[in-house]
Amino acid sequence: MTTTDPVLRALAHPTRLRMMSLMWATPLSAAELARELDVSQALASHHLRTLDAAGLVELTETRSRRGGIERRYQAVRGTPLSDSGTDTAAEGGTALLAETLAQNLRARAARRAPTGPGVTSDVEVWLSPEDWEMLREELAAIVLRLHEAGKAPHSEGAIPIGGTVMAFPLRDADAKPNETSPNGS
């Protein structure tokens, strides 16, 4: 799987997934990412090169900084932070991405502010294919709105928000492992 899907391989690391979220709102350099993520600049540069090689970020700005050139990257709009458009589920990609999301969720949950409302839910329901498609589109639109409303880290008047969403059709528990359920999953 990892040799055939460089995008999934790039996204299947908690630090790179966080970098993608941070670079959605604003271009950031390896040095800025290192400070925000509390990692070395060398490690941030390594992860940034991996995201760039997979086509998930693009160079948007270069500027002189302390006698050198600072390169700032931003997440490419429409990047696949889900398995839509690829058959990652058949190759175990969904499980790999879920584990990465779970690692980030654990880290964010440990940083949750003691006050302030949030939304926490877990759901396993049966829906008509039409309802599923409508709700899937609404979830995607909400996540897109969150990303688009995002500000640069530590922007005046902004508060940090964490969110993790993964919703997908399930195989019917009564179906054999290679059978699809009536909804086509």
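The values are calculated or read from the model by the stated rules, or taken from the named source; none is laboratory data. From a predicted model like this one, the values you see are computed outputs, not experimental measurements. Here Cβ is always computed from backbone atoms with ideal geometry, including for glycine, and neighbour counts include all displayed protein chains. Accessible surface areas use protein heavy atoms only, side chains included; no ligands, DNA or RNA. Shrake-Rupley method; radii C 1.70, N 1.55, O 1.52, S 1.80 Å.
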Nearest-0.05 FRET efficiency for residue 134 and residue 64 at R0 = 45 Å, using Cβ-Cβ distance, is 0.35
According to a simple spin-label model (label point 7 Å from Cα along Cα-to-Cβ), what is the distance in nm between residue 155 and residue 121?
2.6 nm
Working out 0.36 nm times the residue gap between residue 38 and residue 164, then minus their Cα-Cα distance, what length gain in nm do you get to one decimal?
43.3 nm
Using a Förster distance of 22 Å, the FRET efficiency for residue 53-residue 146 (Cβ separation, nearest 0.05)
0.25
Estimated inter-spin distance, residue 175 and residue 112, nm [label 7 Å along Cα→Cβ]
3.3 nm
Rounded to the nearest Å, what's the spacing between the alpha carbon centres of the range 127-141 and the range 1-60? Just the number, please.
30 Å
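In square angstrom, what is the accessible area per residue of the range 1-67 with a 1.4 angstrom probe? Spell out each step's value before the answer.
Details: 3430 Å² over 67 residues.
In whole numbers, the range 1-67 has 51 Å² accessible per residue.
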